[in-house]
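The values are calculated or read from the model by the stated rules, or taken from the named source; none is laboratory data. Since the structure is predicted, the reported quantities are computational estimates derived from the model, not experimental observations. Glycine gets a Cβ as well: all are built from the backbone with ideal geometry, and neighbour counts include every protein chain shown.
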Amino acid sequence: MDIKILLIIAIYSILIQNFVLTRFLGLCPFLGVSQKISSAVGMGMAVIFVMSLASAITWAVYTYFLDPSTSILGFFFSEETLPNLTFLRTIAFILVIASLVQFIEMVLQKKVPTLYRALGIYLPLITTNCAILGAAVLNIDGFSAIGLDGKLTCIQSVVQGFSAGVGFLLMLILMSGIREKLELESIPESLKGVPIAFIMAGLMAIAFMGFSGLSI
Amino acid sequence: MSYTIKLAVTLGIVCIIAAFALGGVYEITKGRIAFERERVMKEALQNVLPRAKNIIQTTTPEGKVYFRGFAAEDTSAAPVGYAILAYGKGYSSTIQALVGVEKSGEITGIQILFQQETPGLGAKAEEVLYGETDSWFQRQFKGASGLEVAVDKDGGKIQSITGATITSRAVANSIKSEMEWLKKEGLILSESDRLY
Amino acid sequence: MKRSLVQEFTKGFIDENPIARLVLGLCPALAVTTSLINGIGMGIAATFVLVCSNTIVSMIKGVVPKKIRIPIFIVVIATFVTIVEMVMAGFAPVLYKALGIYVPLIVVNCIILGRAEAFASKNSVGRSILDGLGMGVGFTMILAVIGSIREILGDGKILGFPLFGPDFEPVLIMILPPGAFFVIGILLGIFKWSDLRQEKKKLQSIVH
């Protein structure tokens with residue numbers, strides 16, 4: 001296993017192509033739960049957790065069921081009749097994510113009630129968080145920028161999902177810190193709330209563009 | 001419990017209906033998608049090898065793919081040119097370009113097939129100015145000597161895109177290295193060969 | 001208070017505009033709007049999915065068990081998204097390439113699930129179609145506005161046609177990601193400003 005490429009993926013997903021700032025994924029929770037640092041941390045942790053798991057499971061579903069070249073359905077079909085199911089990708093992924101979130105919610109509620117109390121209210125929101133589906137789709141499409149042109153391996157996918165989640169948490173914390181301060185500032189009435197949050201995000205995106213020059 | 005099973009069955013049925021509906025649409029559009037993909041490649045090949053009437057894909061024993069262009073349907077004569085895919089690491093993507101070259105080593109055209117460079121900067125490699133039909137950046141390669149392709153900053157003749165030297169360099173250098181491979185294979189001539 | 005059919009259609013334009021008022025469906029609004037044509041393409045794709053999913057959801061609203069309605073809605077939406085994906089790949093490959101991963105991501109566009117849950121699952125098929133169309137048009141309009149602003153300022157063009165002379169130095173940042181945030185932030189600010197003004201006028205007219 002090449003550790004270096006994993007590190008590159010992590011740096012790339014957290015800083016260079018931050019999901020929120022350059023791919024605009026997960027904006028709804030980014031604006032919705034970034035008013036207070038405590039809820040930002042809760043949401044971020046829940047996203048990291050679900051995103052890492054979802055990356056692994058969607059990768060396995062794609063590899064072993066949908067992609068005819070690696071499908072285990074090969075046991076039942078001959079080479080010629082083996083169906084190419086890659087067109088079911090979107091529907092399969094969103095179902096996997098929705099059931100995964102439900103499942104995590106049930107398990108946490110029963111087994112780890114403390115964690116459930118901390119993350120519980122954020123979990124239902126995650127199903128429609130486009131960052132999760134985005135991460136799953138990107139794992140299959142690959143990252144041309146860092147020389148990964150095809151589908152990632154399983155480990156790479158999990159690392160990618162995890163670090164994209166970390167990048168999301170980082171943005172949530174930064175944003176909520178800024179918004180807590182903004183509360184006390186005198187800004188034009190019409191820019192209060194969401195509009196100023198967007199403009200702040202734009203400024204942060206400019207700052208993060210500095211990372212895109214990193215040669216990795 | 002039976003209620004849960006009923007729910008699961010309902011959901012299962014919905015999924016199966018959806019899967020079959022999609023299967024149907026997939027069968028209908030499959031041919032069209034494949035045709036579209038092939039058309040893009042065919043047009044690109046024709047663009048970079050304007051003199052060729054018949055273009056044949058060749059794979060070397062090492063697994064490297066290139067194309068031979070023939071002046072007529074007949075493939076027994078010597079090819080009029082070769083086309084090859086060049087991959088260059090740009091600023092935010094691997095740029096994939098198709099290059100056509102004649103035996104003399106003169107480039108007959110290039111076409112970028114894939115890039116995800118920064119919009120407004122590197123992405124200008126594919127920019128077609130208003131009123132023109134082809135990209136000004138890619139046009140510069142036409143007529144250049146393949147083995148000497150380089151951007152102006154490296155002493156070459158290719159004018160790089162303002163603010164996107166990395167992209168320009170990636171395209172030029174990846175093309176040059178493919179040309180060197182073609183020369184090593186003995187398919188094209190270098191400047192010094194031509195003198196004799 | 002029941003809306004007339006015309007109101008059902010036009011409410012999505014301004015009064016309940018998904019982006020401007022409801023602040024939903026932001027990811028595509030920002031990600032793909034580097035040019036007018038991309039914005040319109042995304043808008044049309046989303047409108048198609050919105051109308052189709054609204055239709056089906058309102059048709060099956062009586063038979064869907066309440067507990068699993070959300071998963072079923074998601075399956076319906078995902079089906080239409082995949083259809084759009086395949087049709088686009090076959091018939092509009094350039095647009096398909098430009099929109100990239102944001103085509104499959106229409107599935108998680110909150111507007112679509114939102115309308116299915118909040119409107120189509122409670123109203124007749126006809127009204128649901130009108131609602132979907134209206135919301136789709138409202139969404140497309142905002143995408144077109146953002147796309148035009150970014151293309152004009154960031155590239156000096158509109159639909160590829162140069163607007164200014166060759167000396168125009170484009171404001172590059174506008175077609176880069178930060179520009180998207182600025183444009184939508186300021187647009188939402190303008191919407192809020194006009195709302196506040198109207199409220200003030202209303203108050204004044206009551207006082208006088």
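Residues C:Gly25, C:Gly43: which one is modelled with pLDDT of 90 or more and buried (at least 24 other Cβ atoms within 10 Å of the Cβ)? Reasoning before the result, please.
Values: C:Gly25 fails: modelled with pLDDT of 90 or more.
Just one listed residue meets the conditions, C:Gly43.
When the stretch C:170-192 is examined, which residues are found to be free of Cβ contacts under 8 Å to residues at least 60 places away in the same chain and either more than 9 Å from chain A (Cβ to nearest Cβ) or exposed (fewer than 15 other Cβ atoms within 10 Å of the Cβ) (or both)?
Of everything in the stretch C:170-192, those that are free of Cβ contacts under 8 Å to residues at least 60 places away in the same chain and either more than 9 Å from chain A (Cβ to nearest Cβ) or exposed (fewer than 15 other Cβ atoms within 10 Å of the Cβ) (or both) turn out to be C:Pro170, C:Val171, C:Leu172, C:Met174, C:Ile190.
Just a yes or no: is a residue in the stretch A:84-92 farther than 26 Å from A:Ile11 by Cα and away from chain C (no Cβ under 12 Å)? Explain how you work it out, then say what you get.
First, the residues of the stretch A:84-92 that are farther than 26 Å from A:Ile11 by Cα: A:84-92.
If we keep only those that are away from chain C (no Cβ under 12 Å) as well, we get A:84.
Yes, because at least one residue in the stretch A:84-92 is farther than 26 Å from A:Ile11 by Cα and away from chain C (no Cβ under 12 Å).
May I ask you to list the residues in the stretch A:124-142 that are surrounded by fewer than 20 Cβ atoms within 10 Å (Cβ to Cβ), assigned to a helix (DSSP H, G or I) and more than 8 Å from chain C (Cβ to nearest Cβ)?
So the first thing to find is which residues in the stretch A:124-142 are surrounded by fewer than 20 Cβ atoms within 10 Å (Cβ to Cβ), and the list is A:124-125, A:141-142.
Narrowing further to those that are assigned to a helix (DSSP H, G or I): A:124-125, A:141.
Listed by number, the residues that qualify are A:Pro124, A:Leu125.
Could you check C:Asn109 against (1) more than 14 Å from chain B (Cβ to nearest Cβ); (2) surrounded by 21 or more Cβ atoms within 10 Å (Cβ to Cβ); (3) more than 30 Å from B:Phe114 (Cβ to Cβ) and say which number it fails?
All conditions pass for C:Asn109, except number (3).
Between B:Ile56, B:Ile95, B:Ile112, which is β-branched (Val, Ile, Thr) and more than 14 Å from every other protein chain (Cβ to nearest Cβ)? If you could, list the steps in order and put the result at the bottom.
Working: B:Ile95 fails: more than 14 Å from every other protein chain (Cβ to nearest Cβ); B:Ile112 fails: more than 14 Å from every other protein chain (Cβ to nearest Cβ).
Of B:Ile56, B:Ile95, B:Ile112, the one residue that is β-branched (Val, Ile, Thr) and more than 14 Å from every other protein chain (Cβ to nearest Cβ) is B:Ile56.
Does B:Val149 count as assigned by TED's automatic domain parsing to the domain that holds B:Gly186, modelled with pLDDT under 90 and touching a Gly at 6+ places or on another chain (Cβ under 8 Å)? Give the derivation first.
Details: assigned by TED's automatic domain parsing to the domain that holds B:Gly186: yes; modelled with pLDDT under 90: yes; touching a Gly at 6+ places or on another chain (Cβ under 8 Å): yes.
In short, yes.
Hey, any hits in the stretch A:78-94 for a residue that's surrounded by 21 or more Cβ atoms within 10 Å (Cβ to Cβ), of a type in the set (Ser, Thr, Tyr) and part of a helix (DSSP H, G or I)?
For the stretch A:78-94, residues surrounded by 21 or more Cβ atoms within 10 Å (Cβ to Cβ), of a type in the set (Ser, Thr, Tyr) and part of a helix (DSSP H, G or I): present.
What's the number of the condition C:Asp167 fails, among (1) under 29 Å from B:Glu127 (Cα atoms); (2) within 12 Å of another protein chain (Cβ to nearest Cβ)?
Among (1) under 29 Å from B:Glu127 (Cα atoms); (2) within 12 Å of another protein chain (Cβ to nearest Cβ), C:Asp167 violates only (2).
So that you can scan it fast, the table gives a plain yes or no per residue for (1) closer than 30 Å to C:Lys157 by Cα; (2) over 11 Å from the mean Cα position of the chain (by Cα); (3) more than 11 Å from every other protein chain (Cβ to nearest Cβ); (4) outside any helix (DSSP H, G or I):
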| site | (1), (2), (3), (4) |
| --- | --- |
| C:Cys27 | yes, no, no, no |
| C:Thr47 | yes, no, yes, no |
| C:Ser53 | no, yes, yes, no |
| C:Met59 | no, yes, yes, no |
| C:Gly62 | no, yes, yes, yes |
| C:Lys67 | no, yes, no, no |
| C:Pro71 | no, yes, no, no |
| C:Phe80 | no, yes, no, no |
| C:Val84 | yes, yes, no, no |
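Just a yes or no: is a residue in the stretch A:150-161 more than 14 Å from chain C (Cβ to nearest Cβ), surrounded by 22 or more Cβ atoms within 10 Å (Cβ to Cβ), modelled with pLDDT of 90 or more and within 25 Å of C:Cys110 (Cβ to Cβ)?
yes
Only one residue in A:Gln109, A:Gln102 is within 13 Å of chain C (Cβ to nearest Cβ), touching a helix residue (DSSP H, G or I) at 6+ places or on another chain (Cβ under 9 Å) and farther than 25 Å from B:Ser92 by Cα, so which one is that? Don't jump to the end; show me each part of the working.
Working: A:Gln109 fails: within 13 Å of chain C (Cβ to nearest Cβ).
It is A:Gln102.
Applying the selection to the stretch C:86-106, what residues are under 21 Å from B:Gly31 (Cα atoms), β-branched (Val, Ile, Thr), in contact with a helix residue (DSSP H, G or I) (Cβ under 8 Å, 6 or more places away or on another chain) and more than 9 Å from chain B (Cβ to nearest Cβ)?
Result: C:Val103, single match.
Which pairs do you get when a residue that is without any contact (Cβ under 8 Å) to a residue 12 or more places away in the chain, found in the stretch C:150-164, comes within reach of a residue that is β-branched (Val, Ile, Thr) and surrounded by 14 or more Cβ atoms within 10 Å (Cβ to Cβ), reach meaning Cβ atoms under 7 angstrom, with the pair 6+ apart or on two chains?
C:Ile152/C:Ile158; C:Leu163/C:Ile152
Filtering the stretch C:47-90 down to residues that are among the small types (Gly, Ala, Ser) and closer than 22 Å to C:Met135 by Cα, which residue is surrounded by the fewest Cβ atoms within 10 Å (Cβ to Cβ)? Talk me through it step by step, then tell me what you get.
To start, the set of residues in the stretch C:47-90 that are among the small types (Gly, Ala, Ser) comprises C:53, C:58, C:62, C:78, C:89-90.
Checking the rest, the ones that are also closer than 22 Å to C:Met135 by Cα come to C:53, C:58, C:78.
Values: C:Ser53: 25, C:Ser58: 23, C:Ala78: 29.
Out of the qualifying residues, it is C:Ser58.
Quick one: which of B:Val25, B:Val40 is β-branched (Val, Ile, Thr) and either touching a His at 6+ places or on another chain (Cβ under 7 Å) or within 22 Å of B:Gly100 (Cα to Cα) (or both)? I'd like the intermediate steps shown before the answer.
Working: B:Val25 fails: either touching a His at 6+ places or on another chain (Cβ under 7 Å) or within 22 Å of B:Gly100 (Cα to Cα) (or both).
Selected residue: B:Val40, the only one of B:Val25, B:Val40 that is β-branched (Val, Ile, Thr) and either touching a His at 6+ places or on another chain (Cβ under 7 Å) or within 22 Å of B:Gly100 (Cα to Cα) (or both).
Out of all the residues in the stretch A:7-25, which are within 8 Å of chain C (Cβ to nearest Cβ) and crowded, with 23+ Cβ neighbours inside 10 Å? Give the steps one after another, and end with the answer.
Going through the stretch A:7-25, the residues within 8 Å of chain C (Cβ to nearest Cβ) turn out to be A:21-25.
Answer for the stretch A:7-25, where residues must be within 8 Å of chain C (Cβ to nearest Cβ) and crowded, with 23+ Cβ neighbours inside 10 Å: A:Leu21, A:Arg23, A:Phe24, A:Leu25.
Please work out which one of (1) under 26 Å from B:Glu185 (Cβ atoms); (2) part of a helix (DSSP H, G or I); (3) of a type in the set (Val, Ile, Thr) is the condition B:Ile55 fails and give its number.
So B:Ile55 meets the others, but not (2).
When residues of the stretch A:143-159 are filtered for being assigned to a helix (DSSP H, G or I) and touching a residue at least 40 places away in the same chain (Cβ under 8 Å), how many remain? Please lay out each step first, then the result.
Of the residues in the stretch A:143-159, the ones assigned to a helix (DSSP H, G or I) are A:144-146, A:154-159.
Filter once more, keeping what is touching a residue at least 40 places away in the same chain (Cβ under 8 Å): A:145-146, A:154-159.
Number satisfying all stated conditions: 8.
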